[in-house]
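The values are calculated or read from the model by the stated rules, or taken from the named source; none is laboratory data. Keep in mind that what you see is a predicted model, and the values were worked out from it rather than measured. Heads up, the Cβs are rebuilt from the backbone with ideal geometry, glycines too, and the neighbour counts pull from every protein chain shown. With ligands, DNA and RNA removed, areas are computed over all heavy atoms of the protein, side chains included. Shrake-Rupley method; radii C 1.70, N 1.55, O 1.52, S 1.80 Å.
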Amino acid sequence: MRNAWILCKKELKSYFASPIAYGLMAFFAAIAGYFFYVAVAIFVTRSIESQMMGGGFPMNVNEWVVRPVLMNISVVGLFLIPMITMRLFAEEKRSGTMELLATSPIRDWEMILGKWLAAFLLYLAILGISALNMLLLFLYGQPDARPILVGYLGLILQAGGLLALGTFLSTMTKNQIVAGAATFGVCLLLWVFDWVSAYETATWAKVLSYLSVVTHFEPFSKGILDTKDVIFYISVIVLGLFLTARSIEALRWRA
Amino acid sequence: MIKAEGLTKYYPRTVAVDHISFEVEKGEIVGFLGPNGAGKTTTMRMLTCFMPPSEGTAKVAGYDVQEQPLEVKKRVGYLPENPPLYPEMEVLEYLEFVGRLKGVPNSKLKQRIDEVVERCALGDVLKKLNGKLSRGYQQRVGLAQALIHNPDVLILDEPTVGLDPKQINETRRLIKSLAGEHTIILSTHILPEVEQTCQKVIIINKGKLIATDTVERLTQRLRGSELLAVEVDGATSALQVQERLEKVPGVSRVTLKSTTDHRYRFEVETTKGASVRPEVARAVVEAGWNLYELHTAAMSLEEIFLQLTATDQPSATGGDR
């Protein structure tokens with residue numbers, strides 16, 4: 001476990017030694033801030049409208065602001081994740097430092113866990129920026145805290161799974177760009193799989209839709225914590241890390 | 001300290017390393033000599049547990065590379081052909097990272113770093129980025145990295161490649177100073193390098209072991225027979241000169257290399273131990289010809305391989321077991 005932590009710290013340092021981390025954070029802050037602004041603006045206009053029409057129903061902040069913002073952030077994540085994971089192993093393979101790691105007294109899973117954890121922590125830091133927006137809601141309104149927390153748990157689990165898949169794809173090539181593009185492709189597929197459920201009800205469509213990360217994120221965004229969805233994401237994390245371990249082992253035999 | 005038995009690595013359609021067996025005693029410096037593509041790097045990668053052998057076994061410091069790779073890795077320092085540096089790290093930061101990675105306890109880390117920094121003369125560059133260092137310094141950081149956990153065995157893949165002559169000398173001296181406390185295997189395709197730094201040499205070619213012997217005995221055997229380049233002018237025909245040279249006692253074979261305007265160039269092979277250069281010179285002059293050139297042709301590695309594979313193989317292997 002100490003070894004995993006050593007590697008994790010090294011990865012985090014190299015994220016912050018290069019412009020990657022700052023660039024991603026800035027990009028995310030801007031885009032999440034924009035989503036938040038738009039959602040709040042719509043919410044304010046609508047609630048003024050509804051008051052003028054005499055409809056006394058107070059509108060729900062969670063439903064009008066939190067939910068759309070969380071849904072949007074989950075989609076933005078699909079773009080950020082490839083940029084976080086693409087270098088993890090591809091860069092080590094390209095620069096020859098893989099030889100250092102592979103001949104050091106650490107186990108493969110320690111190496112993989114350390115790298116994945118670093119990517120995960122960076123993503124948490126990025127996600128943390130959007131939490132500042134949510135805090136503003138508490139300053140000016142009375143949103144329900146629990147659905148927000150559940151929503152963030154969903155975002156974190158979803159990212160964990162996709163980061164694990166990205167880590168795996170990063171072991172397949174020496175080229176960061178290829179790793180990033182492949183990861184983006186997979187993320188996109190897992191996102192659009194859900195679309196078939198709109199027109200098709202056959203079993204294959206259900207399976208496809210079940211594999212989509214959107215299907216499983218939606219309940220989280222509504223504040224519903226379902227074991228089924230939690231297990232789905234945890235399975236994706238385990239699968240991704242398992243595939244990474246297999247790939248690293250195959251690398252040794254082929255190298 | 002190191003014992004390889006029938007070590008083999010198959011790649012698709014090729015055999016990179018073909019049933020190699022050798023032993024290295026504690027404290028020895030062993031040179032791994034062979035042309036590019038001979039299987040040196042592959043063998044080293046198997047010894048360092050970077051890749052598993054297809055067949056055969058290897059034991060390093062008493063542990064099997066396949067059964068207990070973690071124990072082997074704790075006791076081996078490895079410098080690959082390209083130093084495995086992270087360009088965005090400072091030298092000191094890098095050494096701390098590698099030290100932790102190799103399992104140096106935190107309490108001893110500082111002391112170990114100080115030691116390798118002094119040994120590899122890195123004091124001036126500790127705060128510089130790895131990526132900004134010159135090739136010579138990068139090689140030294142690579143060596144420091146291999147030494148950080150004070151390993152029993154050091155495996156260095158072409159440690160002097162890409163360095164300038166001064167740096168080559170420094171590196172060789174550094175490696176020599178490490179002998180005794182560490183067992184060292186270094187690979188090279190430069191024969192003089194082995195002569196200068198190593199006590200024992202293992203020669204491989206095309207994945208096969210050609211010879212293992214002490215450096216003195218091997219060079220003695222190779223230098224025993226001399227190869228001369230002779231250039232003669234003024235003779236009526238090449239055949240005439242060739243016949244005359246062949247009569248010189250100690251000459252085993254004469255081959256015509258080139259002819260330009262009645263100037264003939266020969267390669268003269270001599271038998272072991274005979275010093276025939278004066279005799280050859282006299283023979284040419286007495287025949288009334290002009291001697292333009294007479295010198296010993298340095299034997300290239302290729303020729304050494306040819307010679308070893310052609311004649312000496314049975315007696316060469318296992319020379320000092």
Keeping every protein chain in place, order A:TYR233, A:TYR210 by accessible area at 1.4 Å, biggest value first, i.e. largest first. A:TYR210, A:TYR233
Could you name every residue in the range B:59-81 that has 40 Å² or more less accessible surface in the full protein assembly than in its own chain alone (probe 1.4 Å, ligands and nucleic acids excluded)? B:LEU70, B:LYS73
Considering chain A as a Gaussian network with a 10 Å cut-off on Cα pairs, which listed residue, A:MET98, A:MET172, A:MET111, attains the greatest mean-square fluctuation? A:MET98
Got a sec? What order do A:SER209, A:SER47, B:SER177 fall in by accessible area at 1.4 Å, biggest, i.e. largest, first? B:SER177, A:SER47, A:SER209
Which of B:LYS176, B:LYS247, B:LYS59 ends up with the largest GNM mean-square fluctuation for chain B, with Cα atoms connected below 10 Å? B:LYS247
With a 1.4 Å probe and all protein chains kept in place, how much accessible area does A:MET86 have, in Å² rounded to the nearest 10? 40
Longest chain B segment clear of GluC sites (Glu not before Pro) sitting in DSSP loops (not H, G, I, E or B) with at most 16 other Cβ atoms within 10 Å runs B:182-321
Can you sort B:LYS200, B:LYS110 by 1.4 Å-probe accessible area, starting with the largest? B:LYS110, B:LYS200
For chain B, the longest principal axis of the Cα atoms and the Cα long axis of helix B:106-119 enclose an angle in degrees, to the nearest 10, of 30
Roughly how many Å² of A:LYS174 are accessible to a 1.4 Å probe, to the nearest 10? 130
Can you return the lysines within cross-link range of B:LYS9? Criterion is Cα-Cα under 17 Å, with same-chain partners fewer than 8 residues away left out. B:LYS40, B:LYS59, B:LYS206, B:LYS208
Can you list the lysines whose alpha carbon sits under 17 Å from that of A:LYS9, skipping same-chain ones fewer than 8 residues off? A:LYS115, B:LYS102
If you count, for every residue in B:159-170, the Cβ atoms of partner chains within 10 Å of its Cβ, what is the mean? 0
Ordered by number, the residues of the range B:33-54 with at least 40 Å² less accessible area in the assembly than alone (1.4 Å probe) are B:PHE50, B:PRO52
Any idea what angle helix B:277-286 forms with the longest principal axis of chain B, computed on alpha-carbon atoms, 0 to 90 degrees, nearest 10? 30
Specify the angular offset, from 0 to 90 degrees and rounded to the nearest 10, of the alpha carbon long axis of helix B:91-101 from the longest principal axis of the alpha carbons in chain B. 70
Carbon and sulfur together cover what percent of the accessible area of chain B at a 1.4 Å probe radius? 48
Choice from A:TYR140, A:TYR152, A:TYR15 with maximal GNM fluctuation in chain A (Cα, 10 Å cutoff): A:TYR140
Take each complete run of DSSP H in chain A, measure how far its Cα atoms stretch along the helix's own axis, and keep only those covering 18 Å or more with mean Kyte-Doolittle hydropathy at least 0.5; list them. A:19-52, A:67-85, A:108-140, A:145-170, A:176-192, A:227-254
Per residue, how many Å² of accessible area does the range A:2-254 show with a 1.4 Å probe? 47
Taking a probe of 1.4 angstrom, what is the accessible area of A:TRP64 in Å², to the nearest 10? 90
Percent accessible area from carbon and sulfur atoms, the range A:2-254, protein chains only, probe 1.4 Å: 71
At the level of C-alpha centres, the distance separating the range A:221-255 and the range B:51-112, in angstrom, is 29
What quantity of accessible surface, computed with a 1.4 Å probe and excluding non-protein components, is buried in total between chains B and A, in Å² to the nearest 100? 2500
Lysines with Cα under 24 Å of A:LYS222, excluding same-chain neighbours fewer than 8 positions away: A:LYS206
Helix-only mean residue ellipticity at 222 nm for the protein assembly as shown, each DSSP H run of n ≥ 4 adding -39500 (n - 2.57), per residue, nearest 500: -18000 deg cm²/dmol
